[in-house]
Amino acid sequence: MEWQGIFSLSLCIVALLTLIFTRIGPHLIMMAVLTLLSAGGILTSQEALAGFSNSGLITVAAMFVIAAGMHASGGIDLLVTHVLGRPKTLRTALFRMGMPVVLLSGFLNNTPVVATMIPAIHSWSRKIGIAPSKLMIPLSYCAILGGMLTLIGTSTNLIVNGQYQILTGKVGFSLFSITAVSLPVVIIGLIFIWLFFPKWLPNREQNQAFANLKEFTLEVSVAHNGPLVGKSVEQAGLRNLKRIYLVEIERNGTIVTAVSSEEKLQSDDRLVFAGDTEAISDLLRINGIVPSAENGHEQPLMTQRAERRLVEAVVSPHCTAIGDAIRDARFRDRYGAVVLAVARNGERVKGNLGSIILQVGDTLLLEARPAFVSRQKYNKDFLLINDLDTETPRHERARLAWLILLIMVIAASFGVMSMLNAALLGAGLMIITGCCSVNQAERSLDLTVIITIAASFALGAALNKTGVAAFLASNIIDLSDGKAWLLLVLVYLSVSLLTELITNNAAAILMLPIVLEITEKAGLNDMPFVFAIMMAASASFATPLGYQTNLMVYGPGGYKFTDFLRVGLPMNLLTGAATLTVLLLGWPLEISK
């Protein structure tokens, strides 16, 4: 191996160690690797930057926009309400999440499934009081397991099957050929997650109890003839909300206090809640709940709905509304905002929201347009302390968003169009149909994930170009010493190792021709060996770099690199042992003469 190979291998090891033992962002580390490989002449500029034009990367970016459409339209709230429910324990939550994710990933490709589910699980975790760090890695792992179930569950299986047809001239594998291998592995993996992950995963609450000491008074209304009319408080999901509680109902000039769970909601009921801002954000996502217009005899900001957001602000001594009741302050005309909630000295202000007289230091939760945020940088009426960046969902487009997603994945899964084109078309439709705004689409793009994926291709290209990957693979396979079972084990281990160092697709493509050549010369049955490549390339749990879905949950879960090692290494070993056992028991390795 020449110096270029030694340098690339050393750089790979240093990058992995840096990821493990430091808190430097993975995008910064991988961009540093890309820079050194390009500056050192190991890769040309085109090779180093090829990852940024990779169709897989663009597909991931488009899926972020599609996920934004699902979130902004309230489509994910349908899933949370009707499928995930309100489990009482973490293990019950893992079960309710794991089953649909595995099934969806088997037929819809696991990457878009995870992109769509991330905001849903994040919102759900707040509602059930479980830290996102307890759920995000299981989300990715369940999607990876589900992708193993069929040929279309992951791009790796499709790539291996296509390459197998080209190299051998055979028909290839059917949709469910790999299911006989993967189904036992998936069941074992799910049981392992359910048993051990609740203890092994970190508990990193983004909002610890009492972290937000402000208790707001919030008024909302039951939408006129909306979906909540006629439902009880319990049925409407308003009884067991976290960190917020229903104080009273104002109905036709009368006050209903000590509201029971069986109380039936009526059109235009004004509901008074107390709680913190995160809980209020979740409350406003419920279909049938609208901001109360009564506090100022004004309608909420119905125009430019896609641009509305929640803003937390403090009344400054220079505010012209000091001394006025909220209903008399004419917030909409004066500031382009509507008061949704008030806190004073960290506590809720008792009484009707519209009758509260504003004082210096009051904290207001406002529904405002973006212009309000920029204007207050120069005005002195309010001190902005938190742009919650939360916008009311367009529930009327929720089913449309699901339809767009379904059409996209069906078109990609059944070969009507490529995954790239389907994702780009789906992202465009989400914006055109108003499921999400252009601003929401732009904000949905997680640049750290995109840069990390793009830069990772450079390291994989260097290992391949300098012969490091082929050198490692060939030497590992040579260790088999003619034993078919040992060769199968080493094939799985080598692909698994390469998958953690480079991308899973690259590892599979690199190993497939080598394995086919060896099986042909040795007179072995190539089917179990090809299945071993598919399974090993997909079963990448130990690092966030090994699989795209791991990278996608890295930030939302608030994880460290070592979190993946702690739970991923046992998962790698377990799925590897289960896969090899099934292959050795179920398929003959040698061709019968």
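The values are calculated or read from the model by the stated rules, or taken from the named source; none is laboratory data. For clarity, every value in this text was computed on a predicted model and none was experimentally measured. Glycine also receives a Cβ, built like all others from the backbone with ideal geometry; neighbour counts cover every protein chain displayed.
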Per-region count, segment 332-376, residues surrounded by fewer than 17 Cβ atoms within 10 Å (Cβ to Cβ), of a type in the set (A, V, I, L, M) and at pLDDT 75 or above:
2
Got a sec? Which of Thr89, Thr35 is closer than 30 Å to Lys199 by Cβ and of a type in the set (Ser, Thr, Tyr)?
Thr89
Looking at Gly434, Gly482, which one is outside any helix (DSSP H, G or I), at pLDDT 75 or above and small (Gly, Ala, Ser)?
Gly434
Leading residue by the ranking (surrounded by the fewest Cβ atoms within 10 Å (Cβ to Cβ)) among those in segment 241-296 that are at pLDDT 80 or above and of a type in the set (Lys, Arg)
Lys264
I want to confirm something. Restricting to segment 54-80 and keeping residues that are under 17 Å from Ile431 (Cβ atoms) and polar (S, T, N, Q), which single residue is modelled with the highest pLDDT?
Ser73
Could you please find all residues in segment 539-593 being in contact with a Leu (Cβ under 8 Å, 6 or more places away or on another chain) and in a loop (DSSP other than H, G, I, E, B)?
Phe541, Ala542, Thr543, Pro544, Leu545, Gly557, Leu589, Ile591
Just checking, does segment 46-64 include any residue being touching a Lys or Arg at 6+ places or on another chain (Cβ under 7 Å), within 24 Å of Ala131 (Cα to Cα) and in a helix (DSSP H, G or I)?
no
Flagged pairs (Cβ under 7 angstrom, 6 or more apart or on separate chains; first in segment 524-550, over 16 Å from Ser105 (Cα atoms); second assigned to a loop (DSSP other than H, G, I, E, B) and β-branched (Val, Ile, Thr)) are Leu524/Ile591; Asn525/Ile591; Phe531/Ile178
Look at Ile42 and say whether it is outside any helix (DSSP H, G or I), touching a residue at least 24 places away in the same chain (Cβ under 8 Å) and touching a Ser or Thr at 6+ places or on another chain (Cβ under 8 Å).
yes
Could you identify the single residue in Leu103, Leu79 that is surrounded by fewer than 23 Cβ atoms within 10 Å (Cβ to Cβ), in a helix (DSSP H, G or I), aliphatic (A, V, I, L, M) and in contact with a Gly (Cβ under 9 Å, 6 or more places away or on another chain)?
Leu103
List every residue pair whose Cβ atoms lie under 6 Å apart, where the two residues are 6 or more positions apart in sequence or sit on different chains, the first residue falls within segment 225-244 and is touching a residue at least 60 places away in the same chain (Cβ under 8 Å) and closer than 16 Å to Val290 by Cα, and the second residue, located anywhere, is aliphatic (A, V, I, L, M) and assigned to a loop (DSSP other than H, G, I, E, B).
Leu228/Ala236; Leu228/Leu265
Within segment 485-503, the residues that are at pLDDT below 75 and either of a type in the set (A, V, I, L, M) or assigned to a helix (DSSP H, G or I) (or both) are Glu500, Leu501, Ile502
Name every residue in segment 81-129 that is touching a Phe, Trp or Tyr at 6+ places or on another chain (Cβ under 9 Å) and modelled with pLDDT of 85 or more, in order of residue number.
Pro87, Leu90, Arg91, Ala93, Leu94, Phe95, Met97, Gly98
What tally of residues in segment 1-33 results from selecting those that are within 31 Å of the chain's Cα centre (by Cα), at pLDDT 85 or above and more than 16 Å from Leu551 (Cβ to Cβ)?
3
Apart from one, (1) of a type in the set (A, V, I, L, M); (2) closer than 22 Å to Gly426 by Cα; (3) surrounded by fewer than 24 Cβ atoms within 10 Å (Cβ to Cβ) all hold for Leu90; the odd one out is (2)
Of Leu545, Leu565, Leu584, which residue is touching a helix residue (DSSP H, G or I) at 6+ places or on another chain (Cβ under 8 Å) and at pLDDT below 90?
Leu545
What is the one condition in (1) under 22 Å from the mean Cα position of the chain (by Cα); (2) on the phi > 0 side of the Ramachandran plot that Gly41 does not satisfy?
(1)
Which number in (1) exposed (fewer than 14 other Cβ atoms within 10 Å of the Cβ); (2) of a type in the set (Val, Ile, Thr); (3) at pLDDT 90 or above marks the one condition that Ile144 misses?
(1)
Phe7 part of a helix (DSSP H, G or I), aromatic (Phe, Trp, Tyr), closer than 30 Å to Val438 by Cα and out of contact with any Cys (no Cβ under 9 Å at 6 or more places or on another chain):
no
Does Ile322 satisfy the condition of being closer than 22 Å to Arg397 by Cα, modelled with pLDDT of 80 or more and in a loop (DSSP other than H, G, I, E, B)?
no
Considering only residues that are more than 33 Å from the chain's Cα centre (by Cα) and of a type in the set (Gly, Ala, Ser), look in segment 474-496 and name the one that is surrounded by the most Cβ atoms within 10 Å (Cβ to Cβ).
Ala484
